[in-house]
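Please treat every number below as a calculation from the coordinates, not as lab data. Small disclaimer: the values here were computed from a predicted structure and weren't measured.
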Amino acid sequence: METLNSTSSKTKAAKILVIDDESEITQIVEAFLENAGYLVATENSSIMGIERAREFKPDLVLLDIMMPNMDGYEICDELKKNKETASTPVIFLTGKDSRDDKGKSFQVGGDMFVKKPFSCERLLEIINIVLASVS
């Protein structure tokens, strides 16, 4: 049985970086997306997340907003300032839901805003939409 819109063996699997300080979330999302055919890297630290993005060169970043040291807005801003990651789409994952947060996520270069808790199936749909829009 195939998962929703899984990547075909003829196409190169997209690389997704998940940056969230909650390891349970990164583990669940990583397992689900790998099962859907994506190459996934995870990071639970904001600073290491930026470094991993430069090394891994993801096709898309899933990014938590509420993180210690640097929040997701600051991380996204750093990614957009770097020529290697400037065009990488960013989907914010957050427990926050105010209009200010949505607005700020788009101001710093985010492409989508997904409220926690979310279903992995819905997240996969959003990932596929964002990846299709940049390819």
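Worth a mention:
- Compared with the alpha-carbon gap, the fully stretched path from E22 to S87 is longer by 20.8 nm at 0.36 nm per residue.
- Helix-only mean residue ellipticity at 222 nm for the chain, each DSSP H run of n ≥ 4 adding -39500 (n - 2.57), per residue, nearest 500: -13000 deg cm²/dmol
- Close amide H contacts of I16 (hydrogens built in the peptide plane, cut-off under 5 Å, sequence separation of 5 or more or a different chain): L39, V40, A41, D59.
- Of all the options P89, P68, P117, the one that moves most in a Gaussian network model of the chain with Cα springs shorter than 10 angstrom is P117.
- Normalised radius of gyration (Cα atoms, divided by 2.2 N^0.38 Å) for segment 5-77: 1.10.
- Pairwise alpha-carbon distances in segment 15-134 exceed 20 Å for 32% of all pairs.
- Rg over Rh, two decimals, segment 71-115 (C-alpha only, Kirkwood Rh): 0.96
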